[in-house]
Amino acid sequence: MNNINELRRSILVLTEALENDEELFYAYQANIAMAFFDEHRRNPKKYKNIKDIHEIANNAAKNFLNIWIKW
């Protein structure tokens, strides 16, 4: 239970920081956008159908999260 409360506090701190710090917000925005951009560039399918877009988006999200947890 303590870990859940810690996680909630951490999320609230991050949310507040993103709401109040334009530069931090932009940094997160840029990192998320680049994850999608990089995955699109790596993927040879190049948006042929909705299934491909879903796959590219999921891979990009995983890439973003993997980069985040390595900080």
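The values are calculated or read from the model by the stated rules, or taken from the named source; none is laboratory data. Since we're looking at a predicted model, the values are computed, not measured. With ideal geometry, Cβ positions are generated from the backbone for all residues, glycine too; neighbour counts draw on all protein chains shown.
Observations
- Taking the listed residues Asn31, Asn49, Asn2, Asn20, the one that is under 14 Å from the mean Cα position of the chain (by Cα) and not small (Gly, Ala, Ser) is Asn31, with no other qualifying.
- Residue match in region 43-60 (condition: among the basic types (Lys, Arg), assigned to a helix (DSSP H, G or I) and surrounded by 11 or more Cβ atoms within 10 Å (Cβ to Cβ)): no
- Residue ID - farthest from Lys70 (Cα to Cα), chosen from residues in region 22-42 that are exposed (fewer than 12 other Cβ atoms within 10 Å of the Cβ) and among the acidic types (Asp, Glu): Glu22
- Applying a threshold of 6 Å to beta carbon distances and a minimum spacing of six or more residues, or different chains, the list of pairs starting in region 50-71 at a residue that is within 12 Å of His40 (Cβ to Cβ) and ending at one that is not in a helix (DSSP H, G or I) reads Asp52/Lys45; Ile53/Tyr47; Ile56/Asn43.
- Every listed requirement among (1) modelled with pLDDT of 85 or more; (2) part of a loop (DSSP other than H, G, I, E, B) is met by Leu24 save one, (2).
- Members of region 35-71 found to be closer than 20 Å to Leu24 by Cβ and at pLDDT below 80, listed by number: Trp68, Ile69, Lys70, Trp71
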